[in-house]
Amino acid sequence: MAASAPTAAPHARLEKPPAYRWWILVANMLAYGQFFLTVQVVNAFSSTVQAEWHLAAADLALLTTVTLAGYALASGIGGKLEKRFGARRTVVGGIAANVVLGLLFPTAGSAYAGMIVLRFLQGVAGGCIASSVVSSTVLWFPVRQRGLAQGLLMGVLGFGFALASLCAPLLLDAGMTWQFAAAVLVVAPGAAIAAVYAVSVRDLGAVYPGADSLADLLPVDGRAAAAGTSGTETAGASEAGACDPRAGVTGARAAAVATDAKAVPPDAGSRSQPRPRTMAQARHRLRFWAAIVVGFVNGWLTYGFSTLLPPLLTGDLGFSGDAVAGIMSATFVITLVASPVGGILSDRVFGGRRWPVLLIGNAVSAATLAVVPFAPHVLVTGVLVGAYASVSLCCGTFWTLPSELVQPSVAAESTGFVTAVANIGSVLTGFVIGALVDATASALPALYLCVALAALSAAACPLIRQ
């Protein structure tokens, strides 16, 4: 049963974070996982789709690429919708649209062109879902729990991929067409999740009027302790807030804002460079664009594996189709473990700093992918699981950054902007990998491109620290 939403007076102060935040996380995980099951649903039936429609690898990949294109294009809009209508309405609307489009798979999706249109529109719905759940998860958690929360949230991405891959053969064996089976995978969980979300989730501003983030409501000393700041720094922040000359900001509210600026990871800002209050300010920060480079590569690798692995394992490494299905399921399900672990490392081991975990994850990804062609068959599964675990290590950790690099008031817009720009990698990966496989009759050039991008991302990570 979902925890009931707490009630509080405007600008209330809490002794500790409310338990309800964990239900917000669970509901967001359900919504996020349902969308990424949708992303993977065509790849799960890839051999059947390719045989039925006689598609080249690039044409098959386009059925997923257009979904990610819609996702990237709509993410910025999703952030604006959340700011206007709230996360609950935006997420429920996105899931409902996704379900309706899934219902059309057996009819409008019976031809390639129709399925392309449906898949693009599902990506648009997903952009609204993703930007809302990512930013609302960050704002509902204290700084030292955000990495874990986002790690758990991003972990369901791999679960959605794995669930689609596991269920697809069973539904085909039951006599369904692949379009009808794909519709079942999208519609059945989507309708249930939309209903649960609509009934049980409340926005932070509705529960605590006037609060931009949970950090606004926590005790000053508790927030300082969470950030690792000293009592002197906290007192200085409060005094600065009490004397804040900005129009429309009361002394008490300014003190909260000043203290919240301290209660963020060292990556997010400093005395000489406070967090931006507008997107125009954010776009002039080097660390903001370095984060986008890291996000681009993380999106490329996260979604590129599902396109890269089938031709790599069958064509270049000689595995059977059954073995490929097992290897892919094992590879993707590791996200459930690796993504939260990355969040815990950034929260606890690195004291709220995100860039060291991102650096480690990208460096290990580059190294493990580089050795895949030379690994004995018995070790290939382990090497690929390690490579994708390293990618997943970065997922939750990275997606705390769009909200942490700016003030809470523009967190949703920042998340939408970063998602839109960084997910160009997600959009390009399927098309580029598919085109390289078609052009070279091998997946090895695409594999080495992934290695180079992981190395580039590792080089960009220290710039986030600035």
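The values are calculated or read from the model by the stated rules, or taken from the named source; none is laboratory data. The structure displayed is predicted, hence computed values, not measured ones. Neighbour counts run over all protein chains shown; Cβ positions are idealised from the backbone, glycine included.
Is at least one residue of the stretch 173-185 over 21 Å from residue 53 (Cβ atoms), aromatic (Phe, Trp, Tyr), touching a helix residue (DSSP H, G or I) at 6+ places or on another chain (Cβ under 6 Å) and assigned by TED's automatic domain parsing to the domain that holds residue 409? No, every residue in the stretch 173-185 fails to be over 21 Å from residue 53 (Cβ atoms), aromatic (Phe, Trp, Tyr), touching a helix residue (DSSP H, G or I) at 6+ places or on another chain (Cβ under 6 Å) and assigned by TED's automatic domain parsing to the domain that holds residue 409.
When the test is whether a residue is part of a helix (DSSP H, G or I), within 15 Å of the chain's Cα centre (by Cα) and within 17 Å of residue 139 (Cβ to Cβ), residue 418 passes it.
Taken over the stretch 331-350, the criterion of being surrounded by fewer than 24 Cβ atoms within 10 Å (Cβ to Cβ) and in contact with a Lys or Arg (Cβ under 8 Å, 6 or more places away or on another chain) is satisfied by 348 alone. Contact map, the stretch 388-400: first residue more than 22 Å from residue 414 (Cα to Cα), second residue outside any helix (DSSP H, G or I), Cβ cut-off under 7 Å, separation 6 or more or different chains; pairs are 388/334; 389/334.
Applying the set (1) touching a helix residue (DSSP H, G or I) at 6+ places or on another chain (Cβ under 6 Å); (2) of a type in the set (Gly, Ala, Ser); (3) assigned to a helix (DSSP H, G or I) to residue 409 leaves exactly one unmet item: (1). Does the stretch 140-170 hold any residues that are closer than 19 Å to residue 187 by Cβ and within 16 Å of the chain's Cα centre (by Cα), and which are they? Once the filter is applied, which keeps residues that are closer than 19 Å to residue 187 by Cβ and within 16 Å of the chain's Cα centre (by Cα), the stretch 140-170 yields 156, 159, 160, 161. The criterion of being under 28 Å from residue 277 (Cα atoms), assigned by TED's automatic domain parsing to the domain that holds residue 306 and surrounded by fewer than 20 Cβ atoms within 10 Å (Cβ to Cβ) holds for residue 356. So, in the stretch 421-446, exactly how many residues are surrounded by fewer than 21 Cβ atoms within 10 Å (Cβ to Cβ) and over 21 Å from the mean Cα position of the chain (by Cα)? Result for the stretch 421-446: 9. For the stretch 300-354, name all the residues that are assigned to a loop (DSSP other than H, G, I, E, B) and small (Gly, Ala, Ser). Hits for the stretch 300-354 are 318, 320, 351, 352.
Once the stretch 119-148 is narrowed to residues that are touching a Ser or Thr at 6+ places or on another chain (Cβ under 8 Å) and small (Gly, Ala, Ser), the residue that is farthest from residue 346 (Cα to Cα) is 123. A single entry from 372, 333 fulfils the requirement of being assigned by TED's automatic domain parsing to the domain that holds residue 164, at pLDDT below 85, over 22 Å from residue 146 (Cβ atoms) and in contact with a helix residue (DSSP H, G or I) (Cβ under 7 Å, 6 or more places away or on another chain): 333.
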